[in-house]
Amino acid sequence: MEQQGFYGPISADVWQRAQKIKLLICDVDGVFSDGRIYMSNNGEELKAFHTRDGYGVRSLLSSGFNLAVITGRNSKIVENRMTALGISHIYQGIDDKFVPYRELLERYEVQPEEVAYIGDDIVDLPVMKAVGLAVCVADGHPYVRQHAHMVTHIQGGHGALRELTDLLLLSQNKFTTAHGMSV
């Protein structure tokens, strides 16, 4: 039986998977950002991040979830943004995302079924195939969407991550307390 989320229906399978999650691992480009990279004439790299995603990250962290990011690119902007959000495990310049994924399993003492991963492209598939809840953003690569347990309704960089953080909080009955609301 489907659950009704804020963004649309959620399958019973996805809801049950979300209830077990203790660690969320995120790709950056295409998830936290829309995947576009702006370059200045001086070679400076710029990215845009959505504040709703940031609020969702802070809500998860305050509710006892662990978060990490694994990205193929190196960027001071990413380090600054993730650090500002309170994410302490930031893996950049990673070609094989499975290596830090295994390290995170040990560090947080979690099983694969207790891990969610959100990505948007082929490089994310090895980890997505190993976790309990694999999520692809709405505008992710079609092949990746086919292998995800859940595809967000919202595109990457436009609140897709918040859609997932809301689901995790809702499925574990932590949404209202995470946002400082009384029932």
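The values are calculated or read from the model by the stated rules, or taken from the named source; none is laboratory data. No experiment lies behind these values; they were computed from the predicted model shown. Cβ placement follows ideal geometry from the backbone for every residue including glycine, while neighbour counts extend to all protein chains displayed. Note: areas computed on protein heavy atoms with side chains; ligands, DNA, RNA excluded. Shrake-Rupley method; radii C 1.70, N 1.55, O 1.52, S 1.80 Å.
I87 passes all but one of (1) open to solvent by 10 Å² or more (accessible area, probe 1.4 Å); (2) at pLDDT 95 or above; which number fails? The failed condition is (1). Scanning segment 150-179 for residues that are without any contact (Cβ under 8 Å) to a residue 12 or more places away in the chain, open to solvent by less than 70 Å² (accessible area, probe 1.4 Å) and out of contact with any helix residue (DSSP H, G or I) (no Cβ under 8 Å at 6 or more places or on another chain) gives a single hit, T176. Quick one: in segment 98-125, of everything that is without any contact (Cβ under 8 Å) to a residue 40 or more places away in the chain and closer than 20 Å to T152 by Cβ, which residue is nearest to the chain's Cα centre (by Cα)? Per the stated criteria, the residue is L125.
If only residues of segment 27-52 that are aliphatic (A, V, I, L, M) and assigned to a loop (DSSP other than H, G, I, E, B) are counted, the one that is nearest to H89 (Cα to Cα) is V28. For segment 132-149, the set of residues classified as open to solvent by 10 Å² or more (accessible area, probe 1.4 Å) and part of a loop (DSSP other than H, G, I, E, B) consists of A138, D139, H141, H147, A148, H149, listed by residue number.
I'm checking my understanding of the structure. Among residues of segment 11-38 that are among the β-branched types (V, I, T) and crowded, with 16+ Cβ neighbours inside 10 Å, which one is farthest from the chain's Cα centre (by Cα)? So, considering only residues that are among the β-branched types (V, I, T) and crowded, with 16+ Cβ neighbours inside 10 Å, the one farthest from the chain's Cα centre (by Cα) is V14.
Screening segment 43-60 for residues that are touching a helix residue (DSSP H, G or I) at 6+ places or on another chain (Cβ under 8 Å) and more than 17 Å from G30 (Cβ to Cβ) and picking the one that is most open to solvent (accessible area, probe 1.4 Å) gives R58. The lone criterion from (1) within 16 Å of I21 (Cα to Cα); (2) open to solvent by 70 Å² or more (accessible area, probe 1.4 Å) left unmet by N74 is number (1).
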